[in-house]
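Right, one structure below, let's go through it.
The values are calculated or read from the model by the stated rules, or taken from the named source; none is laboratory data. Since this is a predicted model, take the numbers as computed values, not measurements. Quick reminder, even Gly has a Cβ in these numbers, built from the backbone with ideal geometry, and neighbours come from all protein chains shown.
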Amino acid sequence: MKALHFDDPDFARHYVEDGPARFVPGYEVMHRMAAQLIAERAPDDASILVLGAGGGLEIRSMAALQPGWTFHGVDPSDEMLATGRAVCAAVADRVVWTRGFIPDAPDGPFDGATCLLTLHFLTDDGAKLEALQAIRRRLTPGAAFILVDLCLDKAAPGYDALRDRYARFALDSGAHPGDVAHTRDRLKTVLHTVSPERNEALLREAGFNGAQLFYAGLGWRGWGACA
Amino acid sequence: MTAFAQNFADPEKVARYATLGPPAFMPGHGGVLQMAGVLLAETVPDDGQVLIVGAGGGLETRALAKAGPNWRFVGVDPAPAMLDLARAIVGPEVNERLELIEGVAADAPPGPFDAATLILVLGMIPDDGSKLSILEEIHRRLKPGAPFILVDRCGERAGPGFERDVDRYIAYAVASGVDPATLDSARESQRANPGLVPPERNETLLTEAGFSGIEVFYVGMAWRGWIGYA
């Protein structure tokens, strides 16, 4: 990937145009479904906790669909938070940002939460479970939680073939070949992806009920569950 | 050309089908067709022959023609108007490598084909042996190991999630710009649809018809997509 920095004015545009939308099948539509599922259980003036919110794309999508919602976005990366502020400039008065991890989020309680394209950064040595538990503690009982995660089992025999498939989809979407090669490497070196069944077990263990698959696109999986 | 099809000589109406047709109902329709192309391109040769069952409308042929610029297509559909619409949607270049046949899967030529698709069709077919028979007709027209894409809306008419699934279906379509008045009958028509089955049933049928290596590659609310191999 071309070196990008938060003070590079091209970063936000590059992220919006050439980021997740080119790597995640049906990316914008996945946001629509997430907002629809949260709205089934949330009031019109809901307060939504957004984990891994840097980049701002899901907040921008949900804010457009639900004009009464406010958002609390949490992300550890200054660069991604700066991008999120730029992407969400039009709805800045409805978004509060916190730099940090899930335990740094306010207690809430929130009327809904999302954790999109984020849990796979955490190790499965208790960190994933703790994050899910920390989200659930911050939700009103019965509130909807949306988890979307890349679910490639690193120990499975077909893992490298699935990485190739991931890369071919992104290239077909028009992603920059350099970005694709970089991301394909990062799947192995940075991400701690697990199987869909493992994420379902973690959701149950963290106390979420009725997890239901509402989205899948190649290796990506999305669930709606209740706190 | 049928009277219905004359509508599709109008580019505005064609564009309307491409936005307010299936894409307004099935979340991520464009992404699904793109994924289907990426998945088929893994094994289909450059000059591959692809069978499209339910080819009316032409959206999947148009998308797959981009994934395989030299692939040739045979499409079958029982509705002449939808075949006319397919010709309008795919455009002149793709029509050069597309043969459309009025009929059902059993009317398709024997092939053997390098790939096949059945997108938004099986859910309208009763599960009284008819679903299995279509899948078998497709399977016998494929080369051994050739990929097959199935996309379908799933559910259980008698199941506890039926009402919720229909609510979600309607809410999604309305948010896509579909006129709510046209959705009034959706609940009753879905309840009366003998083709609505749970996803596990489709997986069983795929196996019974002889497909293996079956994988889910798409979920969007109650819609599902699978790839399997003959």
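Summary table below
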{"read-out": "The one condition in (1) in a helix (DSSP H, G or I); (2) within 14 Å of chain A (Cβ to nearest Cβ); (3) farther than 27 Å from B:Arg141 by Cα; (4) of a type outside the set (D, E, K, R) that B:Pro27 fails to fulfil", "value": "(1)"}
{"read-out": "Scope the stretch B:38-48; condition surrounded by fewer than 23 Cβ atoms within 10 Å (Cβ to Cβ) and either within 11 Å of another protein chain (Cβ to nearest Cβ) or assigned to a strand (DSSP E or B) (or both); matching residues", "value": "B:Val38, B:Ala41, B:Glu42"}
{"read-out": "Which listed residue, of A:Leu162, A:Leu129, A:Leu152, is surrounded by 23 or more Cβ atoms within 10 Å (Cβ to Cβ) and either in contact (Cβ under 8 Å) with a residue 24 or more places away in the chain or of a type in the set (Lys, Arg) (or both)", "value": "A:Leu152"}
{"read-out": "Leading residue by the ranking (modelled with the lowest pLDDT) among those in the stretch B:168-191 that are in a loop (DSSP other than H, G, I, E, B) and charged (D, E, K, R)", "value": "B:Asp184"}
{"read-out": "Within the stretch A:57-82, tally of residues that are more than 15 Å from the chain's Cα centre (by Cα) and surrounded by 23 or more Cβ atoms within 10 Å (Cβ to Cβ)", "value": "1"}
{"read-out": "Unmet criterion (only one of (1) modelled with pLDDT of 95 or more; (2) out of contact with any His (no Cβ under 8 Å at 6 or more places or on another chain)) for A:Leu150", "value": "(2)"}
{"read-out": "Positions within the stretch A:152-162 being touching a Phe, Trp or Tyr at 6+ places or on another chain (Cβ under 7 Å) and under 21 Å from A:Pro20 (Cβ atoms), in sequence order", "value": "A:Leu152"}
{"read-out": "In the stretch A:181-196, the residues that are more than 21 Å from B:Val216 (Cα to Cα) and in contact (Cβ under 8 Å) with a residue 60 or more places away in the chain", "value": "A:His182, A:Thr183, A:Val190, A:Leu191, A:His192"}
{"read-out": "Per-region count, the stretch B:137-160, residues in contact with a helix residue (DSSP H, G or I) (Cβ under 7 Å, 6 or more places away or on another chain) and within 25 Å of A:Phe214 (Cβ to Cβ)", "value": "10"}
{"read-out": "Qualifying residues in the stretch A:16-56 (those that are assigned to a strand (DSSP E or B) and within 13 Å of the chain's Cα centre (by Cα)) - the one nearest to the other protein chains (Cβ to nearest Cβ)", "value": "A:Val50"}
{"read-out": "Selection count where residues are among the aromatic types (Phe, Trp, Tyr) and touching a Pro at 6+ places or on another chain (Cβ under 8 Å), scope the stretch A:140-180", "value": "1"}
{"read-out": "Hits in the stretch B:112-123 (condition: closer than 12 Å to B:Val53 by Cβ and of a type outside the set (Val, Ile, Thr))", "value": "B:Phe113, B:Ala115, B:Ala116, B:Leu118, B:Leu120, B:Leu122"}
{"read-out": "Some residue of the stretch B:49-56 being under 24 Å from B:Ala175 (Cα atoms) and away from every other protein chain (no Cβ under 14 Å)", "value": "no"}
{"read-out": "Selection count where residues are assigned to a strand (DSSP E or B), under 17 Å from B:Ala63 (Cβ atoms) and either free of Cβ contacts under 8 Å to residues at least 24 places away in the same chain or among the hydrophobic types (A, V, I, L, M, F, W, C) (or both), scope the stretch B:73-120", "value": "8"}
{"read-out": "Unique residue being crowded, with 16+ Cβ neighbours inside 10 Å, more than 10 Å from chain A (Cβ to nearest Cβ) and assigned to a loop (DSSP other than H, G, I, E, B) when the list is B:Gly210, B:Gly228", "value": "B:Gly210"}
{"read-out": "Enumeration of residues in the stretch A:197-227 that are without any contact (Cβ under 8 Å) to a residue 60 or more places away in the chain, part of a strand (DSSP E or B) and away from every other protein chain (no Cβ under 14 Å)", "value": "A:Asn209"}
{"read-out": "Hits in the stretch A:83-130 - residues which are acidic (Asp, Glu) and part of a loop (DSSP other than H, G, I, E, B)", "value": "A:Asp107, A:Asp124, A:Asp125"}
{"read-out": "Residues of the stretch A:170-196 classified as aliphatic (A, V, I, L, M) and either touching a Leu at 6+ places or on another chain (Cβ under 7 Å) or away from chain B (no Cβ under 13 Å) (or both), total", "value": "6"}
